[in-house]
Amino acid sequence: MGTLETFDVVVVGGGPTGATAASDLAKKGRKVLLLDRMGRIKPCGGAIPPRLIKDFEIPDELLVAKANCARMIAPSDKAVDMHIEGGFVGMVDRDKFDEFLRVRAANDGAERRTGIFEKITRDQDGVSVIHYVVRGKHGAPDETIAVRARAVIGADGAKSGVGRQAIPGAKDVEYVFAYHEIVKVPDNPPADFDGSRCDVFYQGALSPDFYGWIFPHGKTMSIGTGTADKGFSLRSAVGALKKQTGLEDAEMLRHEGAPLPMKPLKKWDNGRDVVLAGDAAGVVAPASGEGIYYGMYGGRVAAEAVEELLVTGNGKVLAKARKRFMKEHGTVFLVLGIMQRFWYNNDKRRERFVKMCEDKDVQRLTFESYMNKKLVRRDPLAHFKIFLKDTAHLLGFAKV
């Protein structure tokens with residue numbers, strides 16, 4: 001074996017998380033390899049908040065729709081519309097969005113390669129060696145390639161291969177399994193269809209512990225659901241949702257399924273030269289399933305920690321990635337986790353949850369927190385009112 005090519009950083013995984021990390025490090029002048037397996041699109045509603053659009057400079061032409069209303073649908077089919085006053089949620093198609101981010105990383109100086117991560121070993125001097133497989137074309141045999149890396153960012157999604165090899169506890173992740181279909185909006189859509197509204201179905205028949213959704217994507221839409229119950233048929237549930245909404249004959253363009261981690265891992269790094277980010281670190285928000293913003297933010301803090309490692313040579317600084325992330329978003333994950341476990345437990349509670357969404361204070365604080373990715377603390381009276389109403393629903397005193 002000849003002398004292996006050495007990179008400052010190898011980023012495994014070319015989704016929004018990995019592409020963001022690769023961009024940030026390449027812009028600092030680091031020699032970066034962005035390794036992506038390509039051809040795989042994650043099941044995702046495609047919603048991105050204004051905070052993401054601003055922080056990560058997403059051009060308007062990538063937004064295939066702008067949603068200004070969320071409709072929450074209870075088991076009884078009672079619907080509550082939550083309007084976004086003076087704002088919108090951007091909707092993107094993940095195939096185009098992810099590729100835009102990869103191209104941007106390459107333009108920023110990262111080297112893009114297509115390959116499947118295989119393993120990490122160490123060279124004689126202790127430097128990590130990344131082994132990956134490149135599929136042979138036109139019947140040619142597969143080729144295994146190895147490169148050296150002073151640092152590795154595992155952004156290779158749920159059930160991360162990097163994490164399972166390098167990070168203790170990375171195998172112990174809680175998952176929701178998600179499935180969606182991208183379908184064309186019919187020429188004559190159902191009378192109730194609104195291309196600027198996200199519909200969220202809190203119904204046990206569509207998910208025993210999560211929710212079903214119909215999200216607008218301009219000329220297409222994402223119809224999906226998720227659950228942690230491995231015995232529940234997600235495809236059947238999506239079929240039922242399409243029939244329930246008059247979309248059973250809509251032309252399906254593609255479909256995807258994947259696990260979504262619902263709890264941040266307790267450790268994201270090996271204290272030496274490997275750190276995880278995004279789904280690999282378990283940062284998909286409970287209750288909402290939102291992952292794009294948290295993945296990109298996670299990629300950014302991982303890049304910051306790796307840059308510090310490359311400057312100082314101190315592997316302990318990699319722990320700062322998780323510390324920074326949890327300081328910024330840990331409380332939100334805690335609250336959403338409690339909310340999912342309680343309110344998504346059965347249809348009686350789901351009915352009460354949707355009823356609570358009628359409250360204007362709930363709507364305002366929910367959207368302010370979602371849009372800006374900060375818990376709203378400046379309105380203690382509204383929080384107190386919500387607490388009282390929430391307690392009434394918990395105890396069954398409120399009318400449904």
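The values are calculated or read from the model by the stated rules, or taken from the named source; none is laboratory data. Keep in mind that this is a model prediction, so the values were computed, not measured. Note that each Cβ is placed from the backbone with ideal geometry, even for glycine, and that neighbours are counted across all protein chains shown. Ligands, DNA and RNA are stripped out before the accessible areas are found, and what is left, the full protein with its side chains, is counted by its heavy atoms. Shrake-Rupley method; radii C 1.70, N 1.55, O 1.52, S 1.80 Å.
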Give the number of residues within segment 90-146 that are polar (S, T, N, Q) and within 18 Å of residue 162 (Cβ to Cβ).
-> 4
State yes or no: is residue 105 surrounded by fewer than 17 Cβ atoms within 10 Å (Cβ to Cβ), more than 18 Å from residue 269 (Cβ to Cβ) and among the small types (Gly, Ala, Ser)?
-> no
Which numbered condition trips up residue 81, out of (1) over 19 Å from residue 371 (Cβ atoms); (2) of a type in the set (D, E, K, R); (3) out of contact with any Phe, Trp or Tyr (no Cβ under 9 Å at 6 or more places or on another chain); (4) surrounded by 14 or more Cβ atoms within 10 Å (Cβ to Cβ)?
-> (1)
Residues of segment 271-284 being assigned to a loop (DSSP other than H, G, I, E, B), out of contact with any Lys or Arg (no Cβ under 7 Å at 6 or more places or on another chain) and buried (at least 22 other Cβ atoms within 10 Å of the Cβ), in sequence order, are 277, 283, 284
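Which one is farthest from residue 162 (Cα to Cα), of the residues in segment 172-200 that are over 19 Å from the mean Cα position of the chain (by Cα) and crowded, with 19+ Cβ neighbours inside 10 Å?
As a first pass, look at segment 172-200 and keep what is over 19 Å from the mean Cα position of the chain (by Cα): 183-197.
Pick out the ones that are also crowded, with 19+ Cβ neighbours inside 10 Å and you get 183, 197.
Details: 183: 34, 197: 38 Å.
Going through the qualifying residues, I end up with 197.
Determine, yes or no, whether residue 165 is surrounded by fewer than 16 Cβ atoms within 10 Å (Cβ to Cβ) and either closer than 30 Å to residue 250 by Cβ or at pLDDT 90 or above (or both). Reasoning before the result, please.
Details: surrounded by fewer than 16 Cβ atoms within 10 Å (Cβ to Cβ): no; either closer than 30 Å to residue 250 by Cβ or at pLDDT 90 or above (or both): yes.
No: the conditions fail for residue 165.
Here is a list: 385, 348. Which entry is under 27 Å from residue 79 (Cβ atoms), at pLDDT below 75 and among the charged types (D, E, K, R)?
Numbers: 348 fails: at pLDDT below 75.
Only one candidate passes the filter, namely 385.
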Conditions (1) touching a residue at least 24 places away in the same chain (Cβ under 8 Å); (2) closer than 18 Å to residue 48 by Cβ; number of the one not met by residue 103 | (1)
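Mind listing just one residue for me: the one in segment 1-54 that is outside any loop (DSSP other than H, G, I, E, B) and of a type in the set (D, E, K, R) and, of those, surrounded by the most Cβ atoms within 10 Å (Cβ to Cβ)?
Start the filter on segment 1-54 by keeping residues that are outside any loop (DSSP other than H, G, I, E, B), which leaves 6-12, 16-27, 32-36, 47-48, 50-54.
Retained after the next criterion (residues that are of a type in the set (D, E, K, R)): 8, 24, 27, 36, 51, 54.
On the way: 8: 19, 24: 22, 27: 14, 36: 26, 51: 15, 54: 10.
Here the answer is 36.
Would you pick out the residues in segment 85-97 that are under 12 Å from residue 48 (Cβ atoms) and either open to solvent by 60 Å² or more (accessible area, probe 1.4 Å) or not aliphatic (A, V, I, L, M) (or both)? Reasoning before the result, please.
At the first step, the residues of segment 85-97 found to be under 12 Å from residue 48 (Cβ atoms) are 88-94, 97.
Of everything in segment 85-97, those that are under 12 Å from residue 48 (Cβ atoms) and either open to solvent by 60 Å² or more (accessible area, probe 1.4 Å) or not aliphatic (A, V, I, L, M) (or both) turn out to be 88, 90, 93, 94, 97.
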Looking at segment 257-294, which of its residues are modelled with pLDDT of 90 or more and of a type in the set (D, E, K, R)?
-> 266, 267, 269, 272, 273, 279
